[in-house]
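The structure appears below as structure tokens.
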Number of protein chains: 2
Amino acid sequence: MARIAIDAMGGDYAPRAIVEGALWAAQEYNVGLELVGRKDELEAEINRIKSIGYILSDCGTKGHQRKIHIDVDKIDYTVTHASEVIGMGEAVGQSIRRKKDSSIVASVKAVADGRCEAVVSAGSTGAAMAASLFGLGRIHGVTRPAIAVTLPTMKKPVVLIDGGANSESTPEMLVQFAQMGVAYAKHVVGIENPTVGILSIGEEEGKGNALVKDTYPLLKQLNEEGKINFAGNIEGKELFINKADVVVADGFAGNVALKVTEGTASMLLKMISSEFKSDFVGCLIGLMAKPFLRRILKRINWEGFGGMLLLGVKGISVIAHGRSSSYAMKNAVRAAVEGINNDINAEIGKNINE
Amino acid sequence: MARIAIDAMGGDYAPRAIVEGALWAAQEYNVGLELVGRKDELEAEINRIKSIGYILSDCGTKGHQRKIHIDVDKIDYTVTHASEVIGMGEAVGQSIRRKKDSSIVASVKAVADGRCEAVVSAGSTGAAMAASLFGLGRIHGVTRPAIAVTLPTMKKPVVLIDGGANSESTPEMLVQFAQMGVAYAKHVVGIENPTVGILSIGEEEGKGNALVKDTYPLLKQLNEEGKINFAGNIEGKELFINKADVVVADGFAGNVALKVTEGTASMLLKMISSEFKSDFVGCLIGLMAKPFLRRILKRINWEGFGGMLLLGVKGISVIAHGRSSSYAMKNAVRAAVEGINNDINAEIGKNINE
């Protein structure tokens with residue numbers, strides 16, 4: 001049975017939502033847990049769930065809460081005490097060095113020490129990345145780990161890599177991101193023969209900044225060698241039309257793309273809600289339209305996709321959203337389980353070193 | 001009376017939509033036109049409109065078309081023959097040199113020669129930029145022109161600069177983009193005391209790539225000198241929440257942000273439409289919800305914002321969307337008229353050189 005280390009203190013709704021989501025996932029995906037954080041707080045949460053026998057979740061619908069029965073006694077878990085928490089705003093390097101007993105560092109250690117196969121954290125992304133990188137080390141051959149994000153589209157999901165692990169990249173790094181992204185898309189997301197493109201401005205070869213222009217021929221070369229299916233440049237507006245299954249970007253552009261997607265969707269949904277509320281008839285129609293809009297919300301909700309994977313480190317490291325609910329946390333653990341079951345790191349190693 | 005040069009052959013629906021939109025704008029904003037393109041084709045369009053006395057437009061609603069009465073005889077226009085057209089896919093440098101008599105180059109010449117104050121083109125963005133840059137030259141002190149784009153939000157519009165004119169930028173260029181963007185936001189968009197931020201990953205100073213990190217202290221310095229109101233780093237998800245009125249980015253990241261916004265909105269609207277079509281009740285509710293959704297479409301429709309301005313060149317250069325309808329073209333001309341009326345170039349000169 002796989003065992004997952006959970007940074008139970010990380011995230012806006014920690015420890016409650018984190019403990020709830022982790023127990024839910026352990027029950028649903030049949031995995032063991034090592035819950036890491038302030039022991040008294042975690043045990044209080046666990047005992048509460050044990051005594052009432054359920055948790056409440058909207059399951060990503062933003063609608064009514066339903067009861068999810070949790071049988072704590074049947075779950076294989078341990079609690080590991082860690083007295084400190086690294087907050088969202090803290091300087092990463094400093095706090096990891098200073099806070100020797102932080103929940104994120106202790107969670108990563110559970111993987112480094114071989115007790116767990118994966119670590120999941122909804123805390124500071126920077127801290128989770130740094131702790132994973134220093135604590136786990138890199139897969140042989142990997143220059144720099146990168147964040148892979150799965151985004152919904154009308155048809156099949158698209159994988160964006162790097163979602164923000166590296167603020168500066170080289171062409172050689174982007175090539176590795178492509179190779180890691182393909183392994184992830186194929187063996188975790190389940191896309192057969194995934195195609196790869198580079199995020200750029202303008203479709204034709206020769207369009208883009210220096211980094212893109214220098215990366216293009218390297219990916220073209222891999223395509224000719226039969227190692228990847230290269231789809232060329234992908235413009236921002238083509239991200240969601242499945243022109244490529246894996247879209248490679250430096251961490252800066254990738255993070256901008258990711259966050260702009262979030263910002264645009266959020267604004268549009270607010271606009272829709274405000275238009276319906278503009279008059280009485282609108283309110284009525286809006287009420288009737290709600291179940292349909294809720295289905296869309298569920299389709300695009302990041303909570304359903306769980307966390308982002310930090311690809312390239314030894315062991316699986318899942319970085320969940322800071323605002324993770326128990327439902328989001330459950331899916332973040334699912335992402336870790338899929339990574340383990342499909343032996344993603346072996347596949348990455350093959351793609352990078354063959 | 002201001003006079004606008006129109007590249008009447010540029011854009012997917014040229015020359016029809018371009019001629020229609022230009023005449024509509026000339027009538028509505030009381031400006032003169034120099035329509036540039038294949039004389040026989042343009043005159044055929046003008047004569048058609050003259051004989052029926054109206055054009056049809058949905059006015060950006062994506063709904064039913066209504067008649068817009070156009071009194072061609074009251075409009076002050078001339079037609080200038082240009083035999084060639086630069087297509088969307090053509091290599092910019094080459095085609096501008098080879099096609100000596102292209103409509104975009106001839107339109108820019110109308111401004112360079114002093115017959116017009118502004119040029120508007122819905123043709124190849126690259127060609128329009130290059131033709132404007134070489135044909136008009138730069139405002140004294142400006143290192144590199146940049147594209148300013150106005151984006152809708154829930155409250156007031158936000159100006160993104162650079163939307164893609166420069167694929168590589170320096171910190172000094174970004175500072176000038178900020179100064180030009182502020183002039184534009186204040187004197188054209190009408191935002192008092194506009195604040196400026198840098199598009200980045202992470203909110204705090206020190207977050208971002210090398211370019212952002214090097215630009216931050218320069219903008220902070222200008223803020224301390226009382227020359228701009230610096231709002232710090234802006235994350236992609238904060239683009240639409242009015243944390244800054246002007247968001248500065250290098251042309252690569254700016255274009256990615258712009259296009260991802262377009263791609264996300266387009267996907268979401270398709271999802272909404274497909275959800276409503278999923279069953280009979282959905283179709284009925286969707287039908288009732290249509291007027292509300294159409295209002296949102298109108299709020300976020302780029303057509304209403306007209307074109308992007310290439311700031312920093314002598315004379316006004318408006319780059320309209322390749323898919324411009326007559327309504328979009330009318331608004332692109334309006335953007336040019338606002339640029340002229342508010343003497344944007346004098347304001348840019350002041351901000352750059354003071």
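Just so it is clear, none of the values below were taken in a lab; they were calculated from the coordinates. Since the model is a prediction, treat every value here as computed from it, not as a measurement. Reconstructed Cβ throughout: ideal geometry from the backbone, glycine too, with neighbour counts over all protein chains shown.
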Original post:
Which percent of Cα pairs goes in each bin when the distances of segment A:175-222 are cut into 10 angstrom slices starting at zero?
Top reply: 25, 48, 25, 2
Original post:
Of all GluC sites (Glu not before Pro) in segment B:185-242, which ones are in loop regions per DSSP and have a Cβ with at most 16 other Cβ atoms within 10 Å?
Top reply: B:E192, B:E203, B:E204, B:E205, B:E225
Original post:
What is the Cα coordinate range of chain A on the first, second and third principal axes, sorted by size from largest, in whole angstrom?
Top reply: 62, 61, 36
Original post:
At B:P217, with labels set 7 Å past Cα in the Cβ direction, how many nm apart are the copies from this one, shortest first?
Top reply: 3.6
Subject >> Kirkwood Rh (inverse of mean 1/r, distinct Cα pairs), segment A:28-136, angstrom >> reply: 15.4
Subject >> Across the identical copies, how the B:D113 labels are spaced - nm, sorted shortest first, 7 Å along Cα→Cβ >> reply: 8.2
Subject >> 10 °C / 1.306 mPa s Stokes-Einstein diffusion coefficient of segment B:211-340, Kirkwood radius on C-alpha pairs, µm²/s >> reply: 88
**OP:** Let me have the relative contact order for segment B:143-303, percent, based on Cα pairs under 8 Å that are six or more residues apart.
**Re:** 28
Original post:
Under the definition of Cα pairs under 8 Å and six or more residues apart, what whole-number percent is the relative contact order of segment A:1-53?
Top reply: 43
Original post:
Which order, highest average first, do B:104-112, A:115-123, B:148-156 follow once you tally other Cβ atoms within 10 Å for each residue and take the mean per peptide?
Top reply: A:115-123, B:104-112, B:148-156
Original post:
Expressed as a fraction of 2.2 N^0.38 Å, the rule-of-thumb size for a compact globular protein of N residues, what is the C-alpha radius of gyration of segment A:143-304?
Top reply: 1.20
**OP:** List A:H81, B:H321 from most exposed to least, where exposure is judged by having the fewest other Cβ atoms within 10 Å.
**Re:** A:H81, B:H321
**OP:** Summarise the partner chain shielding of A:246-259 as one whole number: the mean count of Cβ atoms from other chains within 10 Å of each residue's Cβ.
**Re:** 5
Original post:
How many Cβ atoms of partner chains, on average, are near each residue of B:165-177 if near means within 10 Å of its Cβ?
Top reply: 1
Subject >> Unit Cα scatterers, Debye sum, the protein assembly as shown: log10 I(q)/I(0) for q = 0.05, 0.06, 0.09, 0.12 Å⁻¹ >> reply: -0.27, -0.39, -0.83, -1.32
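Other chains' Cβ within 10 Å of B:236-242 residues: what's the mean?
6
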**OP:** Quick one: with label points 7 Å out along Cα→Cβ, list the inter-copy distances for A:D279 in nm, shortest first?
**Re:** 3.0
**OP:** Would you list the membrane-span-like helices of chain A, meaning whole DSSP H runs whose alpha-carbon atoms span at least 30 Å along their axis and whose mean Kyte-Doolittle value is at least -0.5?
**Re:** A:251-276
**OP:** Give the total of Lys-Lys pairs in segment A:189-310 with Cα-Cα distances below 15 Å; include a pair only if its members are 8 or more places apart or on different chains.
**Re:** 5
Original post:
Remind me, relative contact order of chain B in percent, using alpha carbon pairs under 8 angstrom and six or more residues apart?
Top reply: 23
